[in-house]
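Read through the structure below, which is laid out as structure tokens, and then see the notes.
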Amino acid sequence: MTSTSVAAPPSAASAAPAAPVALSTPGHDVGLLLLRLVLGLTMAAHGTQKLFGWFGGGGISGTGKFFTASGYPAGDAMAAIAGLTETLGGLGLAAGLLTPLAGAAVVGTMINAIAVHGAGSFFAPQGVEYEILLATGAAALALTGPGRYAADRFLPVLRGHRLAHGALAVGLGVVIAGAMLLVRN
């Protein structure tokens, strides 16, 4: 009697390719929604302070004086630009609408806020920790995408969020922020 060596057939588990890891789970999407809502509505509220004087803000006139004192030309125009950027960027993040651009708007605004506050301290109230947290959260949303519960899901180009969209948008926000800082005295 001869014995032949026969390899055992591969098991079903080892023969099947590994299942892809789900990038979007309900917990992931709810977490992104929570981050978008809090960060976005916080930024929108700051923008309405500048635009309309809501929530104890200075409105265009008061904020414009602050911008002028901080070395920006045309303080009222800068107040309007900052107010619109914060309001629209914040609302865009909250809704998950054009998330890469909304995140970039917040990043650019926060870069200018950090420059105005200076780097004297990290911790509040004189520090920049708040601005860094907002900028980082906005950049993270621009890079990761808004999750399933977002308006971007209905836009074909942003339905499948691409890292490149987020990276280009954040880069654009940084460049525009740099240009704004160059006009500052």
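Points to keep in mind about this one:
- The chymotrypsin sites (Phe, Trp or Tyr not before Pro) of region 41-137 that meet both conditions, a loop assignment by DSSP and at most 11 other Cβ atoms within 10 Å of the site Cβ, are PHE122, PHE123.
- Each Cα pair under 8 Å and six or more residues apart adds its separation to the average, and for region 108-185 the resulting relative contact order is 32 percent.
- Residue-normalised accessible area of region 143-185, expressed per residue, 1.4 Å probe, Å²: 65
- Using Cβ point charges alone (K and R +1, D and E -1), the dipole size of region 94-185 about the Cα centre works out to roughly 320 debye.
- Whole-number percent relative contact order across the chain, with pairs defined as alpha carbons under 8 Å at least 6 apart: 22
- Whole-percent carbon and sulfur share, accessible surface of region 58-185, 1.4 Å: 74
- Entry note, region 23-82: relative contact order of 20 percent, from Cα contacts under 8 Å with a spacing of 6+ residues.
- Region 127-132 - phi-based ³J(HN,Hα) in whole Hz, Karplus 6.51/-1.76/1.60, Gly and Pro as x: x, 10, 4, 5, 5, 5
The values are calculated or read from the model by the stated rules, or taken from the named source; none is laboratory data. Note that the coordinates shown come from a computational prediction; the quantities given were computed from them, not determined experimentally. Neighbour counts are summed over all protein chains in view; Cβ atoms, including those assigned to glycine, are modelled from backbone coordinates with ideal geometry. Calculation scope for accessible area: heavy atoms of the full protein, side chains included, ligands and nucleic acids excluded. Shrake-Rupley method; radii C 1.70, N 1.55, O 1.52, S 1.80 Å.
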